[in-house]
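Contents: one structure, followed by commentary.
Rule-based calculations on the coordinates, nothing more; no lab input. This is a predicted model, so every value here is computed, not measured. Neighbour counts run over all protein chains shown; Cβ positions are idealised from the backbone, glycine included.
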Amino acid sequence: MNDPLFSNKLAFAILFSLLMVAGLPQLANALFGGGHHGGELHLAYPIEFATAAEGGEEAGTVSFPQLLVAASPSAGERRAGLCKSCHSFEEGGANGTGPNLWDVVGRDVAGVAGFGYSGALQAAGGEWSYERLNEYLANSQEYIPGTAMVQRIGKPDHRAEIIAYLRTLSDDPAPLPDVASDATAETEEAALPAAGEASEPADANEE
């Protein structure tokens, strides 16, 4: 049976095929901003992803001393469970792969007698202050290159909890930072006029 519209359908199919062949490059060009560049497709309208720092809360608004004061030692004890494969925590405990950590806060760096510290740690000097423990736990190899311990704890609040627990491992725990005084000092400093900025003249009636 002959289709009276067969010739029209055939012409439409040929025209559609030609349009697809000729039009696809232009469509790709519009969508991808010129096609391939060095083997990669580039969108004409790049999508921007907001980072955590750009949304609601600002990163880094809470100082480490503030985190430490608010930290839970019991949570820190749980987080420090992984450390027990190398360290002992009780008073008079034996050294393992790492030194005993009793009374570590405020102790001299490389200060456990008889433990074979790396040359890098022996050369570091000073004592294990809260700040130094924080930096060391954040990235031990970056803070003291050549140290034998390889540790990276990225979240400041997790480090604060561990250090808050380490603080309790002492008969006389080191005092916590006085964050109230720090906040007062920051407020007073912010209130001072900037360098080179003249303060407002006092009232002539004031003496």
Practice prompt. Pop out the ³J(HN,Hα) list for the range 130-137 in order, Karplus 6.51 cos²θ - 1.76 cosθ + 1.60 with θ = phi - 60°, rounded to Hz; leave Gly and Pro as x.
Written response: 4, 5, 5, 4, 4, 5, 5, 6
Worksheet entry | Distant-in-sequence amide H partners of residue 127 (H built 1.01 Å from N, under 5 Å) | 109
Response to the item:
The whole-number value in µm²/s of the Stokes-Einstein translational diffusion coefficient for the range 80-183, with Rh from the Kirkwood sum over alpha carbon pairs at 4 °C and 1.567 mPa s, is 91
Worksheet item: If you count, for each residue, the other Cβ atoms within 10 Å and average over each peptide, how do 105-118, 155-168, 123-136 line up from highest to lowest?
Response: 155-168, 123-136, 105-118
